[in-house]
Each structure stands twice: as C-alpha cells, then as structure tokens.
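Written below as structure tokens is the structure these notes are about.
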Amino acid sequence: MTKRIKIKDYSYELPDSKIAKYPLQKRDESKLLVYKEGKIFEHKFLEIADFIPSEYLLVRNNTKVIYARLLFRKKTGAAIEIFCLNPYLPAEYNLSFDAKNKNQWISIVGNLKKWKQDKLELSFGENRQYSLFADRIRAEGDAQLIEFTWNGDFTFGEVLEQVGKIPIPPYLNRDSEESDKNTYQTIYSRIEGSVAAPTAGLHFTEDVLKQLKVKNIRTSEVTLHVGAGTFKPVKTATIDEHQMHTEQFYVDKNELDKIYNSLGKIVAVGTTSMRTLESLYWIGVNIIQNKENYRKIEQWQPYEENIDISSEDAIEAILNFMKVNELNYIKAATQIMIVPGYKFRIVDILITNFHQPKSTLLLLVAAFIGDDWKKIYDFALKNNFRFLSYGDSSILYKNNNN
C-alpha cells in the first residue's frame with residue numbers, strides 16, 4: 001500500500017564531497033544524465049535540446065527567490081535572524097511584496113529565546129536613514145507571526161532586496177555570498193515569492209533557450225512559490241506519517257491553453273513544475289466533481305479516489321470554469337505528495353537535479369521512473385556528477401508503467 005512505503009528504501013550514501021557547494025562558472029556546462037527506456041547516457045546540459053522531441057512544451061517555474069533572511073542585532077549585541085517563510089495571508093502572496101509601511105509574515109526566528117517583547121530595528125539606505133522594524137505577534141506552530149513596519153516610500157519587496165540575504169539551502173553549510181544573488185536565480189525568474197530556487201532551471205542559459213526555439217520546442221510558465229518545506233527530510237519510518245508542506249501556485253489562462261494543446265508532449269523543468277502540472281489535473285477533477293474547496297489539493301487525494309477522468313477533460317474543465325467566472329488565471333494551493341504508486345496524468349519528461357536521500361523529491365523521481373532511480377544515482381555517483389541545488393542535471397523519460 002502506497003502510504004506504507006518505507007523511507008529507508010529510498011536512501012543512498014551521499015558523501016559530502018559530492019555536494020556542489022558552488023555552481024559552475026557557466027550554467028550550461030553542467031553534466032546532463034539522460035535516462036530513456038532503461039538506458040543511461042552522459043552529456044552536457046548545453047546539449048539538452050537534442051533530447052527533447054520537437055513540438056514538445058517545456059514548462060518552467062518563473063518564481064523568484066526573495067531575500068528572505070533578515071539579520072537583526074539587539075542593543076545587547078545578540079543576533080536575531082528572521083527567516084520569512086510566507087505572507088500571513090497566503091492568498092495575497094503577490095500583493096504582499098507591493099505592500100508599503102506594514103506587512104505580516106510567518107517566519108522562523110533564530111535565537112528566539114533572546115527576543116523578549118522589544119521591537120527589533122534594522123537600518124538601511126545609503127545613509128542608513130531608513131529603518132525596518134520587527135514585532136513578534138504570536139507563535140504559529142513552530143514558526144512566529146512577525147509584523148514588519150518601515151519608513152520611506154518602499155514596497156516590502158524593495159526593503160527585502162536592500163536588507164535581506166538570499167536563503168541558500170542549509171546543506172551547503174556556508175553563508176550566502178554576493179554571487180548567490182545571481183547564481184541562485186533562474187534567468188527567467190520574474191514573480192517574487194520563493195524561499196528556495198527551482199533548481200532544475202538554474203542550468204538554462206540564453207544559448208540553450210535559442211537552441212530549443214530553433215528545434216520548435218515551445219515554452220510555458222507557471223508560478224509555484226517554493227517553501228522551506230522542500231528541504232524537510234522524511235523522519236518517519238513510513239511516509240504516511242510525514243506531513244507534506246503546502247505551496248501556492250498560479251497559472252495564467254494563456255499558459256493553461258498551451259498546456260491543454262500539448263497534452264502528451266509535456267516536459268516539466270523541475271519538481272516544482274511537476275507538482276504544479278499534476279496538481280492542475282486534480283483541480284480539474286475537483287471542479288468536475290463540484291467540490292466546494294476545489295483550489296486545494298490535499299496530500300493523499302490522488303491515492304484515495306479511483307478517478308477515471310482524462311487529462312484533457314480535467315484541464316478543459318478548468319478552462320471552462322475560468323471562462324464562466326471571467327478569470328485570467330487560476331490560483332490554488334497544493335500539498336500533493338508524489339510517491340511510488342502515483343499515476344502521472346500530465347508530465348511525460350522531467351528535467352531535475354539529484355536529490356537528497358530520504359527526501360520527498362527522491363520519492364517523486366522514483367514514482368516517475370520506478371526502481372531504476374537506484375541505477376541512475378549509482379551511475380551519477382560513480383561518474384562524478386555534482387549533487388543537490390548547485391549540482392548537475394538529468395532528463396528523465398517517464399516509465400511507461402507510471
């Protein structure tokens with residue numbers, strides 16, 4: 001049974017030396033592992049157009065990583081770090097970055113015991129003439145609700161860019177550096193909101209995009225704001241006890257039209273695009289079934305319903321719903337957990353990096369290609385592929401049984 005999958009069966013030995021602490025100087029010079037019909041080949045990412053059929057649609061996540069780490073220092077000298085996770089009202093994600101003077105965020109606070117009830121202050125501006133203040137409102141589970149206020153005619157997004165640090169992954173075991181502001185963003189990032197990069201997209205360059213265009217491989221964009229939960233390890237013996245994180249996503253009607261017209265020829269750039277695309281199917285199912293809360297995909301929904309609705313019918317249901325309700329985009333939240341046993345409805349090819357042992361991302365890869373994930377990771381380890389966020393890439397063709 002799917003929920004009883006043992007996480008120990010999805011582990012491997014990852015030496016620290018295999019983890020890429022920094023990216024390559026040229027993004028598309030990274031290695032590319034090609035997996036198709038049970039066979040594995042090694043190439044360079046700059047050759048990726050050779051491994052995608054013409055007329056296919058490449059779907060990428062255009063989210064932009066925000067400068068989510070804020071380091072305050074009390075008058076006593078104690079350092080308090082606030083890691084902004086998501087706006088207090090997730091439905092207002094986009095509006096949150098345009099807010100002026102005041103904003104509330106769910107945040108993780110480092111050195112919390114040193115922060116009593118006093119207001120924290122962080123000066124910024126050319127002459128340090130502006131201030132960002134932080135007030136702790138209350139606990140929200142393991143996190144805190146923080147109210148930020150500031151002076152000056154700045155949006156919250158502009159304030160973060162001036163005072164915050166880019167939140168590179170914890171497993172890099174280093175502080176963020178100035179270069180990370182560029183290298184930890186995809187070249188097509190546009191929509192502010194993530195606290196982690198959709199790292200499969202980090203390999204793309206303008207040269208690669210030109211090659212795709214020449215081959216008539218089209219592109220489409222979705223937006224899923226990547227949360228810190230993407231790094232959350234599975235600590236339970238079986239996956240049924242793991243609480244999957246929820247992420248917000250948005251898809252424009254024009255992009256949804258592209259997806260609908262390309263079903264059967266869809267390439268997902270990264271696990272975040274994969275989660276968005278597969279969640280769209282279930283949004284369509286919810287609409288067809290007249291579910292009141294159609295915009296939320298629960299963690300185990302795909303495994304609890306015996307659904308015989310085609311991907312065409314599901315996406316068409318969304319498009320019709322948007323037309324009737326005069327919506328220009330669909331906005332939803334997904335907690336979907338893609339594990340072995342999942343039936344893929346939208347994605348045919350996946351571009352992705354190499355993921356941590358015992359992670360939900362590795363489970364997703366195993367769901368897509370089956371037990372050959374072990375063969376792929378063995379090959380990558382033996383052939384000096386670089387792992388995790390700043391590491392090398394792979395292009396995986398779906399196992400026909402999935």
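The values are calculated or read from the model by the stated rules, or taken from the named source; none is laboratory data. Predicted, not measured: the structure shown is a model, and the values here were computed from it. Neighbour counts are summed over all protein chains in view; Cβ atoms, including those assigned to glycine, are modelled from backbone coordinates with ideal geometry.
So which residues in segment 138-168 are more than 16 Å from GLU81 (Cβ to Cβ), touching a residue at least 60 places away in the same chain (Cβ under 8 Å) and touching a helix residue (DSSP H, G or I) at 6+ places or on another chain (Cβ under 7 Å)?
PHE156, GLY157
Name the one entry in THR186, THR272 that is touching a residue at least 40 places away in the same chain (Cβ under 8 Å), in contact with a Pro (Cβ under 9 Å, 6 or more places away or on another chain) and not in a loop (DSSP other than H, G, I, E, B). Give the derivation first.
Numbers: THR186 fails: not in a loop (DSSP other than H, G, I, E, B).
Every option except THR272 fails the conditions.
Tell me, which residue of segment 225-243 that is out of contact with any strand residue (DSSP E or B) (no Cβ under 9 Å at 6 or more places or on another chain) and part of a loop (DSSP other than H, G, I, E, B) is surrounded by the most Cβ atoms within 10 Å (Cβ to Cβ)? Before the answer, list the steps.
To start, the set of residues in segment 225-243 that are out of contact with any strand residue (DSSP E or B) (no Cβ under 9 Å at 6 or more places or on another chain) comprises 231-236, 240-243.
If we keep only those that are part of a loop (DSSP other than H, G, I, E, B) too, we end up with 232-236, 242-243.
Details: LYS232: 14, PRO233: 12, VAL234: 25, LYS235: 9, THR236: 12, HIS242: 20, GLN243: 12.
Of everything passing the filter in segment 225-243, VAL234 is surrounded by the most Cβ atoms within 10 Å (Cβ to Cβ).
Considering segment 25-39 alone, what residues qualify as being of a type in the set (Gly, Ala, Ser) and either in contact with a helix residue (DSSP H, G or I) (Cβ under 6 Å, 6 or more places away or on another chain) or within 18 Å of LEU212 (Cβ to Cβ) (or both)? Outline the logic, then answer.
Initially, segment 25-39 is screened for residues of a type in the set (Gly, Ala, Ser), giving 30, 38.
Hit for segment 25-39 is SER30, nothing else.
Taking the condition of being out of contact with any Asp or Glu (no Cβ under 9 Å at 6 or more places or on another chain), part of a loop (DSSP other than H, G, I, E, B) and closer than 21 Å to THR2 by Cα, how many residues in segment 277-308 meet it?
5
For segment 141-157, indicate whether the set of residues that are over 17 Å from the mean Cα position of the chain (by Cα), assigned to a helix (DSSP H, G or I) and either in the same structural domain as CYS84 (by TED's automatic domain parsing) or modelled with pLDDT under 95 (or both) is non-empty. Please lay out each step first, then the result.
At the first step, the residues of segment 141-157 found to be over 17 Å from the mean Cα position of the chain (by Cα) are 141-157.
Then keep just the ones that are assigned to a helix (DSSP H, G or I); that gives 156-157.
Adding the requirement that they be either in the same structural domain as CYS84 (by TED's automatic domain parsing) or modelled with pLDDT under 95 (or both) leaves 156-157.
The answer is yes; a qualifying residue exists.
What number of residues in segment 385-400 are part of a loop (DSSP other than H, G, I, E, B), over 12 Å from ALA200 (Cα atoms) and touching a strand residue (DSSP E or B) at 6+ places or on another chain (Cβ under 8 Å)? Spell out how you get there, then give the answer.
Initially, segment 385-400 is screened for residues part of a loop (DSSP other than H, G, I, E, B), giving 385-386, 388-392, 398-400.
Keeping just the survivors that are over 12 Å from ALA200 (Cα atoms) gives 385-386, 398-400.
From what is left, the residues that are touching a strand residue (DSSP E or B) at 6+ places or on another chain (Cβ under 8 Å) are 385-386, 398.
Residues meeting the conditions: 3.
Exactly one condition in (1) surrounded by fewer than 23 Cβ atoms within 10 Å (Cβ to Cβ); (2) out of contact with any helix residue (DSSP H, G or I) (no Cβ under 9 Å at 6 or more places or on another chain); (3) within 22 Å of ILE346 (Cβ to Cβ) is false for THR276; which is it?
Unmet for THR276, out of (1) surrounded by fewer than 23 Cβ atoms within 10 Å (Cβ to Cβ); (2) out of contact with any helix residue (DSSP H, G or I) (no Cβ under 9 Å at 6 or more places or on another chain); (3) within 22 Å of ILE346 (Cβ to Cβ): (1).
Got a sec? Which of GLU47, GLU13, GLU42 is of a type in the set (Asp, Glu), over 27 Å from HIS225 (Cα atoms), part of a strand (DSSP E or B) and assigned by TED's automatic domain parsing to the domain that holds GLY227? Break it down into steps so the answer makes sense when it comes.
Details: GLU47 fails: part of a strand (DSSP E or B); GLU13 fails: part of a strand (DSSP E or B).
Exactly one of GLU47, GLU13, GLU42 is of a type in the set (Asp, Glu), over 27 Å from HIS225 (Cα atoms), part of a strand (DSSP E or B) and assigned by TED's automatic domain parsing to the domain that holds GLY227, namely GLU42.
Filter segment 191-224 for residues that are assigned to a loop (DSSP other than H, G, I, E, B) and among the hydroxyl-bearing types (Ser, Thr, Tyr) and give the result. Break it down into steps so the answer makes sense when it comes.
The initial filter retains those residues of segment 191-224 that are assigned to a loop (DSSP other than H, G, I, E, B), namely 195-198, 204-205, 215-217.
Answer for segment 191-224, where residues must be assigned to a loop (DSSP other than H, G, I, E, B) and among the hydroxyl-bearing types (Ser, Thr, Tyr): just THR205.
Any chance segment 54-67 includes a residue that's small (Gly, Ala, Ser) and not in a loop (DSSP other than H, G, I, E, B)?
No: zero hits.
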